[in-house]
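Each remark here refers to the structure printed beneath this line.
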Amino acid sequence: MKLNKTKGSIKYKPRIEIPPIATIKTEWDLASLYYRNDRDKKIEEDIEKAEAMIRRFVKKWKKTSFTSDAHLLQLALTEYEALSAEPAISRPTRYYWLRSCLDVNDTKAEQQLALLARRLRKVKDELLFFVLQIGALTPKEQKVLLKDRSLSQFHYHLTRIFRSSRHNLTEIEEKIINLKSPQSYSMWLNMTEKIISNRSIVWNDQEFKIPEAIEQLNVVEFDEKELLWDTIRVELQQIGEVAEHEFNAIVTDAHVENEQRSYKKPYSATVIAYEDSEENLESLIDVVSRQGFAISRQFYKTKAAIHNTNTLRYSERNAHIGDSVEIPWEEALLICRDVFYNLSSEYGSIFDAMLQNGQIDVFPRKGKQGGAFMSDQTGHPVHVMLNYTPTFSSLETLAHEMGHAIHATRSSQQRSFYDGHSTITAETASTLFENFVFDAVYEQASEMQKFYLLHDRLVRDISTIQRQVAFFNLELAIHNYIISNGAITNEQLRKMTINELRRYLGPAVTLHPNDGYSYVYIGHLRYGFYVYTYTFGLLMSSIMARQYKRDKSFIHSIDNFLSLGASASVTDIFKTVGIQTSNKDTFIDALDTHKKEVIDFTRLAKKISL
Ligand SMILES: [Zn+2]
């Protein structure tokens, strides 16, 4: 197919009259929101206040049998909740952490963070007794307390403690596990990460560190991709010689701890942490591995034809087609304000306030951390960090992070025990707002732009739905292999990676045996099965976006969903928008929307090539 190479702009026209906005800040204003600078006396005042508050709490409750009666427990929980919501405890750390994101070379911030962690760890460890003592109640005592009306406001909070307490160890054992955790887990990850980021390859007489070289894969011409990828694979194969030890160590460590805590399956602890159930997770994995993989295989078949070939190489699977749509920051601002105000004036105002208060750091700068995120914490302003470039994907990132920010702001009405979120509901909120923005732009795009937009969206969706589930399956296979065989080798890891990649990519993507070494740089495989939360969130948001398209009054249910925070389990929160996550058909239904988009894309491809 011959593809048009002209840069496209959308010239977006707002659909409603948007209220005017005064001057906005495109950098975080930490001086107004936190401290003037690191010499600000308020920093030490906050730390001392925090230490005193925690000590007072420990002194008051540690020797009391506060779980013996509902009234006493209610009192203790109320104070504990107030303590965990106290901004002074987290403000200094948050300030320095935000500073270190703006400048990775801010040594002062790094040092202060390390000192603060050491100083606060001492007092925070003193608090471990509280949750452990509640968790130590017998099932019968738990039942009695859960029925007590004076504790009704803490019902879900207690349920969560009771659920995870079945897997608690003693206070001293918990302390030892905390102390030994860096050297049995994160230091191994840091090792591989550091080797990867220090190794380099030479490409066109230029030196690239491996992470940069992987980025370059998206940039170089189609015909050059395999050659570049081959030089990267050679390095990955060598790093695999240490990565195999990393996997043996962290998987064995997880397995030993799971046994001590009586977790039955490798992912049992993960499911509890995300306030989800094993049944939900298993049906999601099953449905995506069957129906979902059939969709991604179809997509790659169509994509290969667009590139005038029968099969694509692994390194070519995400190759751009045509040219991307250009979105300058001013237009992104206009689009998002239009979309948010259109949904609800509340969402528009949240965005405007964040822009005016300096809570969004927009552009890339020297020393600034890469990527994008939203950060919220009880009692503090919400922050969004971006590295905005005038591309459609930057617009999507803005929409995604603002989805998180709006979710966090709406949920902050909850009491502080419940003003957080599970990653599953958070990723639903963020991808939902991505959907809203996509739909608004798509409507105004030309046919050719629609084709490119849909292509890029499908590439992104497949890397969130099918690819993450492939990683989940791979991680599980690695765990099971090490548990039954005692250890795994680089060669075995390579083979298993190839198998899982083949399942979701299908026959239209040919795999070179060494593509299997990509396991070395896939960080997600080390994060304890958390990858599935992204798949879950994206599938659920596609159902919600579709429902909103049909019936605009659905926004009230969406707003209720966004306001629930972490006040109920994931299953119960989805029930409020009419989604039954324990029903397999829900996932099948969500994949249906995704499947229709692949069909639309295939149809557009045929039409345009005529
Ligand atoms: Zn996110």
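For this structure, a couple of remarks:
- Between ILE522 and GLU141, the simple label model (points 7 Å from Cα in the Cβ direction) yields a spacing of 4.5 nm.
- A 1.4 Å probe run over the range 256-321, with the rest of the protein chains in place, finds 43 Å² accessible per residue.
- Within the range 270-308: backbone nitrogen closer than 14 Å to the GLU226 label point (7 Å, Cα to C-beta): 308
- Multiplying the residue separation of GLU171 and GLU44 by 0.36 nm and subtracting their alpha-carbon distance yields 42.7 nm.
- For the range 435-561: accessible area per residue (Å², 1.4 Å): 33 Å²
- Of the trypsin sites (Lys or Arg not before Pro) in the range 59-160, those whose Cβ has at most 15 other Cβ within 10 Å and which sit in DSSP loop: LYS62, LYS63
- Ratio Rg/Rh, restricted to the range 199-342 and using Cα atoms, in which Rh is the Kirkwood radius: 1.08
- Our helix-only sum for the chain, with -39,500 (n - 2.57) per DSSP H run of n ≥ 4 divided by its residues, gives a mean residue ellipticity at 222 nm of -21000 deg cm²/dmol.
- Hydrodynamic radius by Kirkwood, which averages 1/r over all alpha carbon pairs of the range 526-610, in angstrom: 14.7 Å
- The range 358-437, Cα convex hull volume normalised per residue, Å³: 98 Å³
- Share, in percent, of DSSP beta bridges within the chain that are antiparallel, nearest 5: 55 percent
- Karplus 3J(HN,Hα) series, Hz, for the range 309-325 with 6.51 cos²θ - 1.76 cosθ + 1.60 (x for Gly, Pro): 8, 7, 9, 9, 7, 4, 5, 9, 5, 9, 3, 5, 10, x, 10, 7, 7
- Rounded percent of accessible protein surface that carbon and sulfur make up, the range 383-461, 1.4 Å probe: 50 percent
- Put a dot 7 Å past the Cα of LYS62, heading toward its Cβ, do the same for LYS584, and the two dots end up 5.3 nm apart.
- Two-decimal Rg/Rh across the range 495-567, once Rg and the Kirkwood Rh are taken from alpha-carbon atoms: 1.19
- Part-to-part distance (alpha-carbon centres) for the range 460-521 and the range 220-252, which is given in Å: 13 Å
- The stretch between VAL242 and SER393, if pulled fully straight at 0.36 nm per residue, gains 50.9 nm over its current Cα-Cα span.
- Here the peptides 476-485, 335-344 are ranked by packing, the mean other Cβ count within 10 Å, and the order with the highest first is 335-344, 476-485.
- Residue-by-residue Karplus 3J(HN,Hα) for the range 378-385, coefficients 6.51, -1.76, 1.60, Hz, glycine and proline x: 3, x, 10, x, 7, 10, 10, 10
- Entry comment: accessible area of the range 342-393 is 37 Å² per residue, from protein heavy atoms only and a probe of 1.4 Å.
- Euclidean distance of C-alpha centroids, the range 307-341 and the range 376-420, integer Å: 22 Å
- Relative intensity, log₁₀ I(q)/I(0), of the chain from a Debye sum that treats every alpha carbon as a point, q = 0.09, 0.13 Å⁻¹: -0.82, -1.80
- Span from the the range 64-134 Cα centroid across to the the range 550-610 one, whole angstrom: 37 Å
- Solvent-accessible area of the range 30-134 (1.4 angstrom probe, protein heavy atoms only): carbon and sulfur portion equals 53 percent.
- Residues of type lysines that LYS11 reaches as a straight line, Cα spacing below 29 Å, ignoring anything fewer than 8 places off in the same chain: LYS2, LYS25, LYS303, LYS450, LYS549, LYS552, LYS596, LYS606, LYS607
- Among the protein heavy atoms of the range 235-321, carbon and sulfur supply 44% of the accessible surface, probe 1.4 Å, non-protein parts ignored.
- Pair-distance distribution of the range 389-547: all C-alpha pairs, bin width 10 Å, starting at 0; shares per bin in whole percent are 10, 31, 29, 22, 8, 1.
- Scaled radius of gyration (Cα, divided by 2.2 N^0.38 Å) that the range 168-213 gives: 1.92
- The P(r) of the range 1-149 has a tail past 22 Å containing 62 percent of all C-alpha pairs.
- Summarising the label geometry, the points placed 7 Å from Cα in the beta-carbon direction at SER412 and LEU72 lie 3.7 nm from one another.
- Peptides 428-434, 16-22, ordered by how many other C-beta atoms sit within 10 Å of their residues on average, highest first, read 428-434, 16-22.
- Gained length - THR252 relative to ARG118, 0.36 nm times residue gap less alpha-carbon distance: 45.4 nm
The values are calculated or read from the model by the stated rules, or taken from the named source; none is laboratory data. From a predicted model like this one, the values you see are computed outputs, not experimental measurements. With ideal geometry, Cβ positions are generated from the backbone for all residues, glycine too; neighbour counts draw on all protein chains shown. Side chains are part of the model used for accessible areas, which takes the heavy atoms of the whole protein and leaves out ligands, DNA and RNA. Shrake-Rupley method; radii C 1.70, N 1.55, O 1.52, S 1.80 Å.
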